[in-house]
């Protein structure tokens, strides 16, 4: 059954709608964090990472299809950028998106999950497989020709001002 937001939102001002959207995005992140931490506590770090990879790989594909349906499909790297600008994690984390002639680079200067782990003395965790599953699912639903490459990510070496960086290209072009 589709969600009917007509009654809920009809009398809200733009500021109230933005505030409500910020509330939803914040809790989207909170649920993700507590879900992972509780699975990690109950089943161990390795299983939590495996489940995280599966969940985000699947959920991302479904969300990407929904984005395309709501905001229109667009192919190629320009379609990828259009969809990334609407992606909740881009909004929450502040991905830096650089568009080149034959590639798109996505950098993550602030990673709330990694920063929270470091603040609590837990150390960085290996998020490469999870983000690869997420980005491949996202990109392939935009355009099956898009390829994803991780340039660096935790716990490997990375600059202090960037946790991870990803390259997106079209098959047959570069890379």
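The values are calculated or read from the model by the stated rules, or taken from the named source; none is laboratory data. Computed from a predicted structure; not experimentally measured. No Cβ is skipped: glycine too gets one built from the backbone with ideal geometry, and neighbour counts run over all protein chains shown.
Figures for the structure shown
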read-out	value
Odd one out for residue 73, checked against (1) part of a loop (DSSP other than H, G, I, E, B); (2) within 27 Å of residue 158 (Cα to Cα)	(2)
Residue match in segment 29-49 (condition: at pLDDT 90 or above, farther than 27 Å from residue 121 by Cα and either within 18 Å of the chain's Cα centre (by Cα) or not in a loop (DSSP other than H, G, I, E, B) (or both))	no
Qualifying residue in segment 41-49 (condition: surrounded by 12 or more Cβ atoms within 10 Å (Cβ to Cβ), under 30 Å from residue 170 (Cα atoms) and in contact with a helix residue (DSSP H, G or I) (Cβ under 7 Å, 6 or more places away or on another chain))	yes
Pair list, Cβ < 6 Å and 6+ apart or interchain, from segment 51-74 residues that are over 22 Å from residue 126 (Cα atoms) to residues that are assigned to a loop (DSSP other than H, G, I, E, B)	67/86
Residue in segment 85-100 that is modelled with pLDDT of 95 or more and over 26 Å from residue 30 (Cβ atoms) present	yes
Condition check for residue 162: more than 27 Å from residue 69 (Cβ to Cβ) and not in a strand (DSSP E or B)	yes
Single condition residue 86 does not satisfy, out of (1) over 15 Å from the mean Cα position of the chain (by Cα); (2) assigned to a loop (DSSP other than H, G, I, E, B)	(1)
Segment 95-126 - residue that is assigned to a loop (DSSP other than H, G, I, E, B) and touching a strand residue (DSSP E or B) at 6+ places or on another chain (Cβ under 8 Å) and, of those, nearest to residue 168 (Cα to Cα)	103
Matching residues in segment 134-150 - criterion: being assigned to a strand (DSSP E or B) and either touching a residue at least 24 places away in the same chain (Cβ under 8 Å) or over 17 Å from residue 108 (Cα atoms) (or both)	146, 147, 149
